[in-house]
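A short write-up of the structure that comes next.
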Amino acid sequence: MPVTPAQFRARFREFRNHNDETVQPRLDEAYRRTGDSWGDSRDDGACWLTAHLIAISPLAEPSSKSVKTSQGRTSYLVEWERMLAQVRVWGTSTAAPAAPVPGD
């Protein structure tokens, strides 16, 4: 069962002030990009990508914008990419995400 906005905010407390109307569309997008090939890691991957998508949006609060790496990417995206590489190595994924990740 997909993660709800409330569950996402409980996990990523820095987004606790973002309402469902901000979180849900980005969760939906993240689930489309972390397809079934992610297996048991899909919920985790969708959460990390959702955090990235919110952090790069104009609606992001200062606390979530402060997690940029030196390359201008968020730490959330770095973790999502690490997970993607593991999913591929484990042989449960044969394809890249359906669409490029914004901000790259």
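Which whole-number percent is the relative contact order of the stretch 5-89 (Cα, under 8 Å, 6+ apart)? Present the calculation step by step, with values, prior to reporting the outcome.
Numbers: 72 pairs, mean separation 21.8, N = 85.
Taking the mean separation of contacting Cα pairs over the length of the stretch 5-89, I get 26 percent.
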### Task
Using amide H atoms built 1.01 Å from N in the peptide plane, name the residues 5+ places from T74, or on other chains, whose amide H lies under 5 Å from its own.
T69
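Throughout, read-outs are computed from the coordinates displayed, never taken from laboratory work. Nothing here was measured: the structure is a model prediction, and the numbers come from that model.
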